[in-house]
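> Got a structure here, written out as structure tokens. Questions coming.
Please treat every number below as a calculation from the coordinates, not as lab data. The model shown is predicted, which means the values in this text are computed figures rather than measured ones. Every residue, glycine among them, receives a Cβ derived from its backbone with ideal geometry; neighbour counts consider all protein chains shown.
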Amino acid sequence: MDTNAVVAVQNDTSSLMEQVQTIGLEWGVKIITFLLVIIIGMWIAKVIKNFVVKLMQKRDVDPTLTSFLASLLHFALKAFVVIAALEKLNVKTASFIAVLGAAGLAIGLALQGSLANFAAGVLMILFKPIKLGDFVEAGGAMGGVEEIGIFTTILKSPDNKKLIVPNSAVMSGVITNFNANGTRRIEIVAGIGYDDDIDKAKKTLEDIIAADDRILKDPAPQIALSEMADSSVNFVVRPWVEAADYWGVYFDTSEAIKKKFDENGISIPYPQRDVHIYEHKDG
């Protein structure tokens, strides 16, 4: 082979290797920079979110509003970090954003549920049908409100389950807020036998209610004979309590009724039916 040709091939190979090394080094730096921007940016976004949450808590901002705005801020910061990182890879973010804008209608149609959840979340913040710490029944679930996010509401069930309910489901149905008014009325039905002393039974129920300091004086508790049923004469017992005391008073009062009725010889009848047998004699 001609010496000049050999030298030319060697020069071309050397030049190609230099170009590959240059491109590899250049993209290596870009990729490393991209990863650093993502990692550091996400960390900074989390720090900013936590800082804003603490600042709003110090200023006694509504916890529900704090939770919602923190979720929204964190989402926006993450989007900003991703766009900033893409610029390090020479991605034309302006064109990228323009393409997203052009595709906005299609994305909106595809994400109707998510947009509805976001809109419902905004309405929940504005009108405040529920707030953090409330015990509610909404969207087919029941539990304490732990978080109101931009798309979902997180409830904690009485048996410690985590319930994630779409915001649109919460706002589209009936919302039962059990402790929004601060107080709740308990209703217990206490049945006695038809042969028992009605006045004695009512006095016993009144004493039970009066002995519990958790029961409110105003509104006054109600004890009344409500029904003469098939097997019993039923009293309805309706004391008012603070929302936090509801179940404690309910269980304790039910137990106290049974014990006091036993002590005072007042029966709690079982369901029963009188059967009359007639003998038919032929002839």
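> What order do you get for 46-55, 135-144 when each peptide is scored by the mean count of other beta carbon atoms within 10 Å, highest first? Working shown, then result.
Values: 46-55: 13.6, 135-144: 18.6.
Ranking the peptides 46-55, 135-144 by packing returns 135-144, 46-55.
> Would you grab the residues whose amide H sits under 5 Å from the one on GLY191? Only those 5+ places off in sequence or on another chain, please, with H modelled 1.01 Å from N.
For GLY191, the qualifying residues are PHE235.
> Within the stretch 192-283, which GluC sites (Glu not before Pro) sit in a loop by DSSP and count at most 12 neighbouring Cβ atoms inside 10 Å? Each step should come with its number before you reach the end.
Numbers: sites: GLU206, GLU227, GLU242, GLU255, GLU263, GLU279; in loops: GLU279.
Filter output for the stretch 192-283: GLU279.
> Pop out the ³J(HN,Hα) list for the stretch 188-201 in order, Karplus 6.51 cos²θ - 1.76 cosθ + 1.60 with θ = phi - 60°, rounded to Hz; leave Gly and Pro as x.
10, 9, 10, x, 10, x, 5, 8, 7, 7, 5, 5, 5, 5
> Further, regarding this structure: Taking a cut-off of 18 Å, what percent of all Cα-Cα pairs in the stretch 125-240 are separated by more than that?
Values: 4104 of 6670 pairs.
Summing the P(r) tail past 18 Å for the stretch 125-240 gives 62 percent.
> Report the gain in length on full extension from PHE251 to ASN50: 0.36 nm times residue separation, minus Cα-Cα distance, nm rounded to one decimal. Present the calculation step by step, with values, prior to reporting the outcome.
Numbers: separation 201, 0.36 × 201 = 72.36 nm, distance 4.11 nm.
Value of the extension gain: 68.3 nm.
> Right, next: Report, by chain and number, residues whose modeled amide H sits under 5 Å from the one on THR152, excluding near sequence neighbours (fewer than 5 apart, same chain).
The answer is ASN167.
> Let me ask another. In the stretch 114-136, whose amide N lies under 19 Å from the spot 7 Å out along Cα-to-Cβ of GLN57? List them in ranges.
From the stretch 114-136, the list is 131-134.
> Need the C-alpha centroid separation for the stretch 130-152 versus the stretch 230-250, integer Å.
26
> If you plug each phi of the stretch 49-61 into the Karplus form 6.51 cos²θ - 1.76 cosθ + 1.60 with θ = phi - 60°, what whole-Hz ³J(HN,Hα) values come out, in order, with x for Gly and Pro?
4, 5, 5, 5, 4, 5, 5, 5, 5, 5, 8, 6, 6
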